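Asks: Got a structure for you, questions after.
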Amino acid sequence: MNTLTARIEGIGFWAPGLPSWQAAVDHVRDGVPPGAAGKPSPALLAPNERRRAPPSVAVALDVALAACEAAGREPAALSSVFASTHGDLAITDYMCATLADDPRAISPTKFHNSVHNAAAGYWTIGAGCVRPATALSAHRASFAQGLVEALAQLACGDDAVLLVAYDTEGTGPLGAVSDSRGLLGGALVLVACPDGGTDTAGGSTLLRATLLDADAPERHGPLARHGAGNAMAPMLPLFDALAGRGDLALLHAGHGRTLRVELAHG
């Protein structure tokens, strides 16, 4: 893969006790301890929809809107890529158990929330967005491959793309097979680099990504330690680097593959 570039215009983040990107930055740079766990509350949804939204949708929309607001971008104007390793594990476990025990008792609401693109669907409806929305999964490489997809869309002519990554807590027998703990979400608004990625003026962060034939090393930054049990933890080396103004993140991109992400801060 040739090197793909973008500017990071906005960042959203949610983890237990770190409910915003500013909280994550304070934790990384100043050692501020996480607060109470709490729950994400996506302001994009009407109150009744917000109450019914499963954790996967809630955290995805929370970070997506935060990234758009940080970028000063209208959510309805952005193409989007939603990446999740498992989707909503609790709902999938519920579906499996109910289908085995009493198929006619399936909840219609939980049924429509069980599909992998549920968060992308809620986002496009809540934002009134008719731009393309992609939902993908690539196991532990989900974030890296979502980032590649977003960068490829920019390289093919999009002006800006919203990347959203999230995973939920595993429960029941399914949770024992697909291990994931806690709730985690991150989002980036990525914009095209007409100058080929050479200008870091204006305070933005330049991102340059290249796929390598190598295994990504384990990283142990503050955010990586805090969210280590979640299935989307492979994204955290990038967010650690962004929070600490580091210049490199190596992301798991598949068996024997690493996405090398170089950062230049304006």
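The values are calculated or read from the model by the stated rules, or taken from the named source; none is laboratory data. Nothing here was measured: the structure is a model prediction, and the numbers come from that model. Methodologically, a virtual Cβ is constructed for each residue, glycine included, from the backbone with ideal geometry; neighbour enumeration extends over all protein chains shown. We work out accessible area using only protein heavy atoms, side chains counted, and drop any ligands, DNA or RNA first. Shrake-Rupley method; radii C 1.70, N 1.55, O 1.52, S 1.80 Å.
Asks: Does residue 47 qualify as being open to solvent by 50 Å² or more (accessible area, probe 1.4 Å) and closer than 23 Å to residue 233 by Cβ?
Replies: Criteria not met by residue 47.
Asks: If you check 211, 184, which single one turns out to be touching a helix residue (DSSP H, G or I) at 6+ places or on another chain (Cβ under 9 Å), over 21 Å from residue 13 (Cβ atoms) and modelled with pLDDT of 95 or more?
Replies: Values: 184 fails: over 21 Å from residue 13 (Cβ atoms).
Exactly one of 211, 184 is touching a helix residue (DSSP H, G or I) at 6+ places or on another chain (Cβ under 9 Å), over 21 Å from residue 13 (Cβ atoms) and modelled with pLDDT of 95 or more, namely 211.
Asks: Specify the residue that is farthest from residue 51 (Cα to Cα); the eligible residues are those in region 83-129 that are in a loop (DSSP other than H, G, I, E, B) and in contact with a Gly (Cβ under 8 Å, 6 or more places away or on another chain).
Replies: So the first thing to find is which residues in region 83-129 are in a loop (DSSP other than H, G, I, E, B), and the list is 84-88, 102, 106-107, 114-117, 128-129.
Applying the additional criterion that residues be in contact with a Gly (Cβ under 8 Å, 6 or more places away or on another chain) yields 86, 114-116.
Values: 86: 22, 114: 16, 115: 19, 116: 20 Å.
Taking the candidates together, the pick is 86.
Asks: If you don't mind, there's one more thing I want to ask. Are there any strands (runs of 3 or more DSSP E) wholly within region 146-257 with 2 or more residues that are in contact with a Pro (Cβ under 6 Å, 6 or more places away or on another chain), and if so which? Break it down stepwise before answering.
Replies: Working: elements: 160-167, 184-191, 205-212, 248-252.
In region 146-257, 248-252 are the strands (runs of 3 or more DSSP E) which contain 2 or more residues that are in contact with a Pro (Cβ under 6 Å, 6 or more places away or on another chain).
Asks: Kindly indicate the residue of region 150-183 that is within 15 Å of residue 67 (Cα to Cα) and of a type in the set (A, V, I, L, M) and also surrounded by the most Cβ atoms within 10 Å (Cβ to Cβ) among those meeting that condition.
Replies: Here the residue is 162.
Listed here are the residues, each with its yes/no results for (1) touching a residue at least 24 places away in the same chain (Cβ under 8 Å); (2) within 24 Å of residue 120 (Cα to Cα); (3) under 17 Å from the mean Cα position of the chain (by Cα).
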| site | (1), (2), (3) |
| --- | --- |
| 37 | no, no, no |
| 67 | yes, yes, yes |
| 71 | yes, yes, yes |
| 93 | yes, yes, no |
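Asks: Okay, next question. Got a number for residues in region 114-136 being touching a strand residue (DSSP E or B) at 6+ places or on another chain (Cβ under 7 Å) and of a type outside the set (D, E, K, R)?
Replies: Final tally of qualifying residues: 11.
Asks: Any idea which of 100, 138, 120, 127 is modelled with pLDDT of 90 or more, out of contact with any Pro (no Cβ under 8 Å at 6 or more places or on another chain) and more than 20 Å from residue 174 (Cβ to Cβ)?
Replies: Details: 100 fails: more than 20 Å from residue 174 (Cβ to Cβ); 138 fails: more than 20 Å from residue 174 (Cβ to Cβ); 127 fails: out of contact with any Pro (no Cβ under 8 Å at 6 or more places or on another chain).
Exactly one residue qualifies, and that residue is 120.
Asks: Restricting region 39-80 to residues that are in contact with a strand residue (DSSP E or B) (Cβ under 8 Å, 6 or more places away or on another chain) and not in a helix (DSSP H, G or I), which is modelled with the lowest pLDDT?
Replies: So, considering only residues that are in contact with a strand residue (DSSP E or B) (Cβ under 8 Å, 6 or more places away or on another chain) and not in a helix (DSSP H, G or I), the one modelled with the lowest pLDDT is 40.
Asks: Out of the residues in region 6-35 that are surrounded by fewer than 17 Cβ atoms within 10 Å (Cβ to Cβ) and charged (D, E, K, R), state the one that is farthest from the chain's Cα centre (by Cα).
Replies: Looking at residues that are surrounded by fewer than 17 Cβ atoms within 10 Å (Cβ to Cβ) and charged (D, E, K, R), I get 30.
Asks: Would you mention how many residues in region 187-196 are within 16 Å of residue 153 (Cα to Cα) and modelled with pLDDT under 95?
Replies: Number of matching residues: 3.
Asks: Considering every residue within region 19-30, establish whether at least one is farther than 29 Å from residue 156 by Cα and not in a helix (DSSP H, G or I).
Replies: Looking for residues that are farther than 29 Å from residue 156 by Cα and not in a helix (DSSP H, G or I), one finds at least one in region 19-30, hence yes.
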